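Right, one structure below, let's go through it.
Computed from the coordinates by the stated procedures, all read-outs in this text should not be read as laboratory data. Just so it is clear, the model here is predicted, and its values are computed rather than measured. FYI the Cβ positions are ideal-geometry reconstructions off the backbone, even for glycines, and counts take in every protein chain you see.
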Amino acid sequence: MIEDLFNIPFIAQLALREKQIQQNYRPVIAVHKWFARRPGTLFRGLFLAEFGESPVAETFFRKHDFPGRAIADPFMGGGSPLLEANRVGCDVIGFDINPMSAWIVREEIRQLDQTAYRAAAAGLLEQLSRQIGDLYRTDCPVFDDRDVPVKYFLWVKVLNCVSCGRDFDLFPGYLLAENRRHPRNVLVCPGCGELNEVADLRRLGSCRACDEPLLLSGPAGRNQCRCPHCGHLNRYPRPEAGAARHRLFAIEYHNPPRKNQHEGRFFKRPDAADLERFERARRRWLALEPRFTPTQVIPPGDETDRLKRWGYTRYRELFHERQLLGLELSARHIAALPDERVRHALATNLSDLVRYQNLLCRYDTMALKSLDVFSIHGFPVGLIQCESNLLGIANGNGACVGSGGWRNIIEKYAKAKEYCEAPFEVHSDGSRRVVVPVAGEWIGEQREGASARRVELRCVDSSTAALPPGSLDAVFTDPPYFGNVQYGELMDFCYVWLRNLVGSQAEGFGRDSTRAADELTVNSHQGRDLEHFTSGLSAVFHRMADALKEGAPLVFTYHHNRFEAYQAVGVAILDSGLWCTAALPCPAEMGGSIHIHGTGSSIVDTVFVCRRPAGDRPPTDEHRLFVALLRDVEQLRAAGMQPQTSGHGGSASAGSLCANSKRME
Ligand SMILES: C[S@@+](CC[C@H](N)C(=O)[O-])C[C@H]1O[C@@H](n2cnc3c(N)ncnc32)[C@H](O)[C@@H]1O
């Protein structure tokens, strides 16, 4: 049982490493984005502790098979607990109110003929190269080479002055690239737009082209910017003027044959041919009659209102013409593929690709790469946008250069599906990562020579999920964290594309939007409050508890900085007649993650293990609680963390938990 065989420091160490680069530990997550996936290593540890017979540290790297055990997850999202359960031979039943969830988990679990997939993906790339490859090329001014591939196009938002009527750029700052991944800092000249390489940011000097002094800070900030032509102070955003407009101001490109003659990356200011390429894309897009590009209006919402404030009214306005052209042509090619399994795989890829092919992507000036729209759990509207090469770039060994293109998505997806055939674990040998194959385990429904595993995935509100009493060996889940993530509002961004491409046959795809009134999140637009969250969670726990076999656990992860978010959890546990037999801490986020950076959010989850009590509950007193807390803190320290407990007044964590933790250096 978990209470006896789980090992907090052992699993915490693995989870901590996994969260640094989750795709290296659980490549399957690359099938499609889902928000804040919990570490797979945590759920594996929990399963082995519950169903195994030896301590987790002894069994973790060995093969397991628990056929006939039925595991449910009422909030499956991207499927982390279910995938781990399926991998160790269990039957799984997953529910989620969001139709994208069941689609994605099905894509993760369903077997794929890799050869057929690779061939179809290569065909797509070939066709796109022929159709639009020329639009992602540029000339290298350093070596006078023609038609080299572009990695990223960088765009700045443009405003029209209400006083003089002329356009001007909304630069929040002029630093395009820092001197971490490139030998020098790259600055845009505020006068003529030329790109300048500067060794020391304390001595900026002047522009090599026009001699104007270089600057770090730009004129746009706090929603206002002075017009450089007439000096009038303009306010932005201005939704009444329509969707935000952009101007191409820089390009990062790739020129591999010159690698040995050139230090660092290649940046340039766009020339007339680059502007003409975009113009060509625009004309071609306007001449098309789109069949798959979404026409939907963006509904108001807690997250989508930020888009509305920037004048965006329809999803398609979040993409410019070159992106729309590439996505529409991709969708047409995919829709015509005869093999349904491969067609669905590539449609899933397109849905994931749109995260990188839109006008909300930003450029990471330190890492020098594109940040996808969901690098935070919202819709970030920045003043500088990054457009990735839609095709992606492969170097001589076939490895991808840059991010956010078809090649990147295809490679990640293929690796994800390879992992399903032969999952592995990773352990760290000092600073070395050692991959440990776990021969005999697999993710899927059926393999030759093995007994079939039941996989039932449903798009439903889990408070209505019907399960026979006493049918489940365990429930492992990761419920919504109060109002932290607005799943429906965010997932619609991908869904409007996927649904147009695959049709409305899949369960839940009859809906126009993935939003649902019964989504268990607090949302002011949809009038969902603490009471809605509490009664919904309670109804779901109740149903799950009734379906559990005697003594079987309901296990869930949770964290929140607000105390009332835990009241809901407490009510749900009590209402369902369960008893919390353990509360285990486990790191679940990286403090440096962009979506929580600077928010003071907890990076440690509490794993609540609940069972139906056989007799009376033992009383809980403050002293026992305090002792339990101290023990948890010690165990996290043993895993290499420096937990800080926080008390009342703002940032409290449940039962035994530590709100802010940071990795020991
Ligand atoms: C924290 S996420 C689960 C993440 C998942 N464990 C993973 O690793 O990707 C919570 C999920 O609960 C779902 N959800 C919210 N309200 C629901 C409801 N009433 N019924 C079923 N699912 C719901 C959301 O759509 C979301 O996918």
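Would you kindly state how much longer the chain becomes between residue 21 and residue 452 on full extension, computed as 0.36 nm times their sequence separation minus their alpha carbon distance, in nm to one decimal?
Values: separation 431, 0.36 × 431 = 155.16 nm, distance 3.17 nm.
Stretched out fully, the residue 21 to residue 452 stretch lengthens by 152.0 nm.
What does the C-alpha gyration tensor say about the overall shape of the stretch 220-298? Classify as rounded when a/c is under 1.5, otherwise prolate if a/b is larger than b/c, or oblate.
Values: a/c = 2.39, a/b = 1.22, b/c = 1.97.
It comes out oblate by the Cα gyration axes.
If amide hydrogens are placed 1.01 Å from N in the peptide plane, which non-local residues have theirs closer than 5 Å to the one on residue 394?
Amide H neighbours of residue 394, under 5 Å, 5+ apart: 401.
Roughly how far apart, in whole Å, are the Cα centres of the stretch 142-206 and the stretch 19-69?
Comparing the Cα centres of the stretch 142-206 and the stretch 19-69, I get a distance of 45 Å.
Which ordering of 514, 521, 115 is given by a fewest-first count of other beta-carbon atoms within 10 Å?
Values: 514 28, 521 21, 115 8.
Final ranking by Cβ density, sparse to dense: 115, 521, 514.
For all pairs of alpha-carbon atoms in the stretch 1-150, what percent lies in each bin of width 10 Å, listed from the first bin to the last filled one?
10, 28, 27, 15, 11, 7, 1
What does the charge count near residue 544 come to, summing +1 for each Lys or Arg and -1 for each Asp or Glu among other residues with Cβ under 15 Å from its Cβ? Don't skip to the end; give the middle numbers.
On the way: positive: 458, 543, 549, 611, 612; negative: 73, 96, 456, 461, 473, 478, 546, 550, 575.
With Lys, Arg at +1 and Asp, Glu at -1, the neighbours total -4.
7 Å from Cα along Cα→Cβ at both residue 630 and residue 206: what's the point-to-point distance in nm?
6.9
Check residue 161: other-chain or 5+ apart residues with amide H under 5 Å from its amide H, H built from backbone geometry?
166, 167, 168
Counting only Cα atoms, I'd like the Rg/Rh figure for the chain, Kirkwood definition for Rh.
Numbers: Rg = 26.1 Å, Rh = 26.6 Å.
Across the chain, the Cα-based Rg/Rh ratio is 0.98.
For residue 397 paired with residue 53, estimate the spin-label separation in nm (one decimal), with each label point 7 Å from Cα along the Cα-to-Cβ line.
Here the answer is 4.5 nm between the modelled labels.
If you take the Cα atoms of the stretch 264-362, find Rg, then find the Kirkwood Rh from the mean of 1/r over all pairs, what is Rg/Rh?
Ratio of gyration radius to Kirkwood radius for the stretch 264-362: 1.03.
With the Cα gyration tensor of the stretch 281-336 giving a ≥ b ≥ c as the square roots of its eigenvalues, does the rule (a/c under 1.5 for rounded; else a/b larger than b/c for prolate; else oblate) give rounded, prolate or oblate? List each step's numbers first, then the result.
Details: a/c = 3.00, a/b = 1.92, b/c = 1.56.
Because a/c hits 1.5 or more and a/b exceeds b/c, the stretch 281-336 counts as prolate.
Fewest first, what order do 34, 285, 579, 103 take by the number of other Cβ atoms within 10 Å?
Numbers: 34 23, 285 20, 579 17, 103 28.
Going from sparsest to densest Cβ surroundings: 579, 285, 34, 103.
Quick one: what are the phi-derived ³J(HN,Hα) couplings along the stretch 479-486, Karplus 6.51/-1.76/1.60 with θ = phi - 60°, whole Hz, x for glycine and proline?
Coupling constants for the stretch 479-486: x, x, 8, 6, x, 4, 10, 8 Hz.
Restricting things to alpha carbons, tell me how big the stretch 115-414 is in terms of Rg and Dmax, in Å.
19.7, 61
For the chain, what is the percent of antiparallel DSSP beta bridges, rounded to the nearest 5?
On the way: 64 of 79 bridges.
Percentage antiparallel, nearest 5: 80.
I need the Debye-formula profile for the stretch 163-214: one equal scatterer per C-alpha, no solvent, reported as log10 I(q)/I(0) at q = 0.31 1/Å, two decimals.
-1.24
Over all Cα pairs of the stretch 430-503, how is the pair count split among 5 Å bins, expressed in % and running from 0 up to the last occupied bin?
Reading upward from the zero bin: 3, 8, 10, 14, 14, 16, 16, 14, 4, 1.
Averaged over all directions, how much area does the convex hull of the C-alpha atoms of the stretch 1-77 cover when projected, in nm²?
Working: hull surface 23.2 nm².
Quarter of the Cα hull surface area: 5.8 nm².
Plugging the Kirkwood radius over Cα pairs into Stokes-Einstein for the stretch 456-545, at a temperature of 37 °C and a viscosity of 0.692 mPa s, what D comes out in µm²/s? The partial results should precede the final answer.
Values: Rh = 14.7 Å.
Calculated translational D: 224 µm²/s.
Using 10 Å bins from zero, what percent of all Cα-Cα pairs in the stretch 56-111 falls into each bin?
In order of increasing distance, the bins hold 24, 48, 24, 4 percent.
Could you pull out which residues in the stretch 143-168 have an amide N less than 20 Å from a spot 7 Å beyond the Cα of residue 272, following the Cα-Cβ vector?
The answer is 143-148.
Full extension from residue 147 to residue 131: what is 0.36 nm times the residue separation minus their Cα-Cα distance, to one decimal in nm?
Working: separation 16, 0.36 × 16 = 5.76 nm, distance 1.54 nm.
Contour length minus Cα-Cα distance gives 4.2 nm.
What is the Cα coordinate range of the stretch 343-458 on the first, second and third principal axes, sorted by size from largest, in whole angstrom?
55, 43, 31
For the stretch 508-579, state the average projected area of the convex hull of the C-alpha atoms over all orientations, rounded to one decimal in nm². Intermediate results must be reported in sequence, preceding the final value.
On the way: hull surface 24.9 nm².
Dividing the Cα hull surface by four gives the mean projection, 6.2 nm².
Place a +1 charge on the Cβ of each Lys and Arg in the chain and a -1 charge on the Cβ of each Asp and Glu, then give the dipole magnitude about the Cα centre in debye, rounded to the nearest 20. Show your work: numbers first, answer last.
On the way: 80 positive and 80 negative charges, 379 e Å.
Taking the Cα centre of the chain as origin, the dipole is about 1820 debye.
Rounded to the nearest 0.05, what FRET efficiency do residue 111 and residue 505 give with R0 = 22 Å and r taken as the Cβ-Cβ distance? Could you check? Don't skip to the end; give the middle numbers.
Working: r = 20 Å, r/R0 = 0.91.
The formula returns an efficiency of 0.65 here.
Could you compute the net charge surrounding residue 103? Neighbours are other residues with a C-beta less than 15 Å from the C-beta of residue 103; K and R count +1, D and E count -1. Don't skip to the end; give the middle numbers.
Numbers: positive: 33, 106, 110, 341, 343, 458, 499, 511; negative: 96, 107, 108, 340, 352, 456, 492, 507.
Cβ neighbours under 15 Å give a net charge of 0.
If you take every residue apart from residue 461 with its C-beta less than 14 Å away from the C-beta of residue 461, what net charge results, scoring Lys and Arg +1 and Asp and Glu -1? Numbers along the way, then the final one.
Values: positive: 458, 511, 515, 528, 543; negative: 96, 507, 518, 519.
Net charge around residue 461: +1.
Could you line up 310, 406 from fewest to most neighbouring Cβ atoms inside 10 Å?
Numbers: 310 21, 406 26.
The most exposed by this proxy come first: 310, 406.
If r is the Cβ-Cβ distance from residue 295 to residue 247 and R0 is 22 Å, what FRET efficiency results, to the nearest 0.05?
Details: r = 26 Å, r/R0 = 1.20.
Here the calculated transfer efficiency is 0.25.
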